[in-house]
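Enquirer: Would you mind keeping the following structure in view while I ask a few things?
The values are calculated or read from the model by the stated rules, or taken from the named source; none is laboratory data. These figures come from a predicted structure and were not determined experimentally. Counting neighbours? That spans all protein chains shown, and the Cβs are built from the backbone with ideal geometry, glycine included.
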Amino acid sequence: MRPRSRKSRFRARRVEGDEEGEVFARISRLTPFQIKVLQAAEKIPAGETRTYRQVAAEAGHPRAFRAVGTALGKNPVPGFIPCHRVVRSDGSAGGYSGKGGKKGKMRLLLSEGAKIGREK
């Protein structure tokens, strides 16, 4: 079991219907790197995007941009941590493990007014 202090480093939010603390339990199973990535993603304002490389740098691991995608795929609360705002360096969407896959990611970004680069 991981120490409780890791949860305290992550900004906790009450999630509707989470009386048992299921979301917090899932967050506590993440590695320190995964938590840093989700914290970086959480700071991205609506209507803006960051690249996987930028998020890696924000998380303190500038060369770990591929690992950022893996960490974002483990996001236990995509409704609160906007992992859909992270895109590839060429401006295309990249992957998305949330509802709707890549098309769902594009819909979310467009609904927020984000400018999206080319899409393959």
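Enquirer: Identify the single condition in (1) within 17 Å of L108 (Cα to Cα); (2) outside any helix (DSSP H, G or I) that A41 does not satisfy, given that it satisfies every other one.
Expert: Unmet condition: (2).
Enquirer: Quick test of your reading of the structure: G60 fulfils all but one of (1) without any contact (Cβ under 8 Å) to a residue 40 or more places away in the chain; (2) within 13 Å of the chain's Cα centre (by Cα); (3) under 16 Å from L30 (Cβ atoms). Name the failing condition by number.
Expert: Just one mismatch for G60, condition (2).
Enquirer: Among all residue pairs at least 6 apart or on different chains, which show Cβ distances below 8 Å where the first residue, located in region 106-120, is modelled with pLDDT of 90 or more and the second is hydroxyl-bearing (S, T, Y) and surrounded by 13 or more Cβ atoms within 10 Å (Cβ to Cβ)?
Expert: L109/T49; A114/T49
Enquirer: Could I ask something else about it? Given the options R6, R53, R13, name the one that is in contact with a Ser or Thr (Cβ under 7 Å, 6 or more places away or on another chain) and at pLDDT below 60. Steps first, answer last, please.
Expert: Working: R53 fails: at pLDDT below 60; R13 fails: in contact with a Ser or Thr (Cβ under 7 Å, 6 or more places away or on another chain).
After applying the criteria, what remains is R6.
Enquirer: If only one of V87, V68 is in contact (Cβ under 8 Å) with a residue 24 or more places away in the chain, surrounded by 14 or more Cβ atoms within 10 Å (Cβ to Cβ), β-branched (V, I, T) and farther than 16 Å from K36 by Cβ, which one is it? Step through it out loud before you land on a result.
Expert: Values: V68 fails: farther than 16 Å from K36 by Cβ.
When all the criteria are applied, what remains is V87.
Enquirer: Six or more apart or on different chains, Cβ under 8 Å: which pairs go from a residue in region 41-54 that's in contact (Cβ under 8 Å) with a residue 12 or more places away in the chain and acidic (D, E) to one that's surrounded by 18 or more Cβ atoms within 10 Å (Cβ to Cβ) and assigned to a helix (DSSP H, G or I)? Could you list them?
Expert: E48/R85
Enquirer: Okay, moving on. Could you list, in sequence order, the residues of region 25-50 that are closer than 13 Å to F80 by Cβ and surrounded by fewer than 17 Cβ atoms within 10 Å (Cβ to Cβ)? Steps first, please.
Expert: The initial filter retains those residues of region 25-50 that are closer than 13 Å to F80 by Cβ, namely 26-27, 38-39, 41-44, 46.
If the condition is that a residue be closer than 13 Å to F80 by Cβ and surrounded by fewer than 17 Cβ atoms within 10 Å (Cβ to Cβ), then R26, Q39, K43, A46 are the ones that fit.
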